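The values are calculated or read from the model by the stated rules, or taken from the named source; none is laboratory data. Predicted model, so just to flag it, every value in this text is computed and none were measured. Every residue, glycine as well, gets a Cβ built from its backbone with ideal geometry; the counts of neighbours run over all protein chains shown. For the accessible areas, the whole protein counts, side chains as well, though only heavy atoms, and no ligand, DNA or RNA atoms are used. Shrake-Rupley method; radii C 1.70, N 1.55, O 1.52, S 1.80 Å.
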Amino acid sequence: AHVAPPDTAAEGASTRITLGPGGRDVRLWGDLDDGAADRLRRLLDAHPGVVRLHLTSDGGLVDEGTAIGELVAERGLVTYVPDYCVSACTLAFVRGRERLIMEDSRLGFHAPYEPGAFGAMIPVDASEERGRYLAAGLEPAFVDQALATPSRDIWIPDAARLRAAGAVTRVVGPGDLPDSTLDDDDSLAGARAAVIRAVDLLAPLASRRPGALDGIAARYRNSYRQGRSESDGLDLIRAEAVGAMRAAFVGADDATLADLGRLVLDAMAASGGEETCRAIGRDGDLVTAAEALPDRQGGRARMRDLLDRALAGPAPLVASSVAPPPLLASASSLHASGCAAMRHRLSGILSRGDALRLREALLGRTARRLEASALPGEP
């Protein structure tokens, strides 16, 4: 099917070429502008251990895409598209010794053109591009369809079609290769934006607890720079998000904690399985709690509202690592406590209105001790 071009790199974004960790990966992002292939050649000459080229580009100059493809073939590199590779970028991708994508990666094809006045796209002879695709082993019928796509349109085949046509040799998972999420911008600001995209519940931290958000962003950026996988990075962000959220709720008032308890109870009931329910009730995973509720129960919106309320108060004098997991499943019977038992316990605490016991159940004994230390008469 013909679809609109994907929302990809900013128009006119210059090619960004960086060496990944360990000197085995090169990350290329942005338009293929004049000199991109020469810059890549110099980097490869300086780092002969490179085996893989990550491509994230919405195209650019055909000559640069072709020259990059020649480099790829000459050096025997594996090409990998973690997100999108469109137009002239595909001329580089198909020259890979292996050609890897993720299931939702987008390869986009269309007929070549020359830019004319007032944004006009002037069709040009596609015989050279046809020859390059065929020489790379792509199915002739696939190449015909790719180059029959008008220049103003774009054809994005699915992964199965790409494999059947020989354009892709393997579909990889998010845990197989180094993360490429920050290829366009690995600054702290770029990492901060990626963290919020991954777990949007953290957005209130940007204004209320910027230091906490920056800490998460810095640790995620370090994971990216170490070459850890995308799934590792997401696991890190989610774990950090849970810690930051629970730290915020340590300072929440009793009414907010009671509403959080009701959300957690609803989430365990809606979880649909023991494993998810245990993650919520036993491990205190508030991100999973928000996600477990169906849209009609507004789990994410409810959690954001509660987090806003918690963050509106003074920051608690406790680090996120201080508060241990909640105690809905007691230590003595941790593995024996099933979802029903944890729900029963939390329901009972809520019905009794026992604020200290609720705080302990949701946030752990440390949070209860902090609350208790503020009672009159306590040292």
| message | So Asp285 passes all but one of these: (1) at pLDDT 90 or above; (2) open to solvent by 30 Å² or more (accessible area, probe 1.4 Å); (3) more than 27 Å from Ala217 (Cβ to Cβ). Which condition number does it fail? | response | (3)
| task | Return yes when Arg246 is open to solvent by 40 Å² or more (accessible area, probe 1.4 Å) and touching a helix residue (DSSP H, G or I) at 6+ places or on another chain (Cβ under 8 Å) and no when it is not. | result | no
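Those residues that are in contact with a Gly (Cβ under 7 Å, 6 or more places away or on another chain) and either loosely packed, with under 14 Cβ neighbours inside 10 Å or in a helix (DSSP H, G or I) (or both), I need them from the stretch 133-144; list them, please.
If the condition is that a residue be in contact with a Gly (Cβ under 7 Å, 6 or more places away or on another chain) and either loosely packed, with under 14 Cβ neighbours inside 10 Å or in a helix (DSSP H, G or I) (or both), then Gly137 is the only one that fits.
Among the listed residues Arg296, Arg300, which satisfies the condition of being surrounded by fewer than 13 Cβ atoms within 10 Å (Cβ to Cβ), at pLDDT 60 or above and in a helix (DSSP H, G or I)?
Working: Arg300 fails: surrounded by fewer than 13 Cβ atoms within 10 Å (Cβ to Cβ).
Of Arg296, Arg300, the one residue that is surrounded by fewer than 13 Cβ atoms within 10 Å (Cβ to Cβ), at pLDDT 60 or above and in a helix (DSSP H, G or I) is Arg296.
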| field | Single condition Asp305 does not satisfy, out of (1) under 19 Å from Leu213 (Cα atoms); (2) touching a residue at least 12 places away in the same chain (Cβ under 8 Å); (3) of a type in the set (Asp, Glu) | value | (2)
| Which ones in the stretch 145-199 are among the charged types (D, E, K, R), surrounded by fewer than 20 Cβ atoms within 10 Å (Cβ to Cβ), in contact (Cβ under 8 Å) with a residue 24 or more places away in the chain and closer than 15 Å to Asp214 by Cα? | Asp186
| Ile216 passes all but one of (1) within 28 Å of Ser187 (Cβ to Cβ); (2) touching a helix residue (DSSP H, G or I) at 6+ places or on another chain (Cβ under 6 Å); (3) loosely packed, with under 15 Cβ neighbours inside 10 Å; which number fails? | (3)
| query | Going through the stretch 229-288 one residue at a time, which ones are small (Gly, Ala, Ser), over 26 Å from the mean Cα position of the chain (by Cα) and either within 20 Å of Arg304 (Cβ to Cβ) or in a loop (DSSP other than H, G, I, E, B) (or both)? | reply | Gly251, Ala252, Ala255, Ala258, Gly261
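Each row is one residue, and each column tells you yes or no for (1) open to solvent by 40 Å² or more (accessible area, probe 1.4 Å); (2) in contact with a strand residue (DSSP E or B) (Cβ under 8 Å, 6 or more places away or on another chain); (3) modelled with pLDDT under 95.
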position	(1), (2), (3)
Cys85	no, yes, no
Cys89	no, yes, no
Ile101	no, yes, no
Leu107	no, yes, no
Ala117	yes, no, yes
Pro123	yes, yes, yes
Ala126	no, no, yes
